[in-house]
């Protein structure tokens with residue numbers, strides 16, 4: 001793996017939702033928000049093609065992925081904002097998604113239709129946890145289950161290590177491209193789907 005080379009990347013110590021916005025210009029026709037930057041401290045710089053993919057719910061960890069241009073392997077890692085530390089978890093097959101579980105102990109990654117889980121502490125990969133519709137989204141629910149559309153396009157809730165539970169929603173696919181699968185959204189509590 002290439003050493004980290006300087007390139008501008010700044011990480012922000014989260015946003016505060018508690019008070020009026022910081023100095024900003026009000027944009028006509030948009031409501032003024034209450035989020036403002038409370039701290040900005042660059043502590044790591046790295047070269048493209050790095051991509052930040054998710055933030056843990058407690059705001060402590062950031063997942064990132066990196067791949068060597070022209071290669072097929074993605075390197076996965078986490079940045080600990082409380083320790084100002086960056087750690088590689090290891091190589092994985094090329095993936096576009098890396099999402100933290102609610103407790104931030106696992107990262108969900110996808111290889112085409114295959115859903116894998118990566119242990120954040122050890123970097124160990126559990127392959128083939130599930131198979132999703134090609135364009136279908138995969139999400140963590142608050143209780144640690146996954147919500148996704150398998151290739152049959154019938155929404156399921158799935159606790160890793162157990163059998164998937166049908167949610168009672170089927171998504172039609174008249175042309176055979178899974179084109180509607182990307183448009184399904186599920187509440188984090190798993191009670192509503194759109």
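A short reminder: the numbers here are calculations on the coordinates, not readings from a lab. Keep in mind the model is a prediction, meaning the values are calculated, not measured. As a convention, Cβ positions derive from the backbone with ideal geometry for all residues, glycine included, and neighbour counts pool all protein chains shown.
Determine the gain in length on full extension of the stretch residue 169-residue 124; use 0.36 nm per residue of separation and subtract their C-alpha separation, reporting nm with one decimal. Working shown, then result.
Details: separation 45, 0.36 × 45 = 16.20 nm, distance 3.31 nm.
Answer, rounded to one decimal: 12.9 nm.
Using only the Cα atoms of segment 132-194, what semi-axes does the equivalent ellipsoid have when each is the square root of 5 times a gyration tensor eigenvalue? Give whole Å, largest first.
Numbers: eigenvalues 75, 28, 18 Å².
One finds semi-axes of 19, 12, 9 Å for segment 132-194.
Using the 10 angstrom Cβ neighbour count as an exposure proxy, how do 135, 51, 158 rank, fewest first?
The order, fewest Cβ neighbours first, is 51, 135, 158.
Between residue 142 and residue 159, what is the spin-label point distance in nm, taking each point 7 Å from the Cα along the Cα→C-beta axis?
Here the modelled spin labels are 1.7 nm apart.
Among 113, 145, rank each residue by its count of other Cβ atoms within 10 Å, from fewest to most, as a rough exposure measure. Spell out each step's value before the answer.
Details: 113 15, 145 20.
With the sparsest Cβ surroundings first, the list reads 113, 145.
To make sure I understand, if each residue's beta carbon is the centre and we count other beta carbons within 10 Å, what order do 95, 34 fall in, fewest to most?
On the way: 95 21, 34 12.
Listed from fewest to most nearby Cβ atoms, that is 34, 95.
Would you mind calculating the gained length between residue 96 and residue 80 on full extension (0.36 nm times residue separation, minus the Cα-Cα distance), in nm to one decimal?
Details: separation 16, 0.36 × 16 = 5.76 nm, distance 2.09 nm.
Length difference between fully extended and current span is 3.7 nm.
Tell me, in nm to one decimal, what length is gained between residue 194 and residue 105 on full extension, where the rule is 0.36 nm per residue of separation less the Cα-Cα distance? Walk me through the intermediate numbers first.
Working: separation 89, 0.36 × 89 = 32.04 nm, distance 2.79 nm.
Full extension from residue 194 to residue 105 adds 29.3 nm.
Please report, in whole Å³, the volume per residue of the convex hull around the C-alpha atoms of segment 71-117.
Details: hull volume 3.8 nm³, N = 47.
That works out to 80 Å³ per residue.
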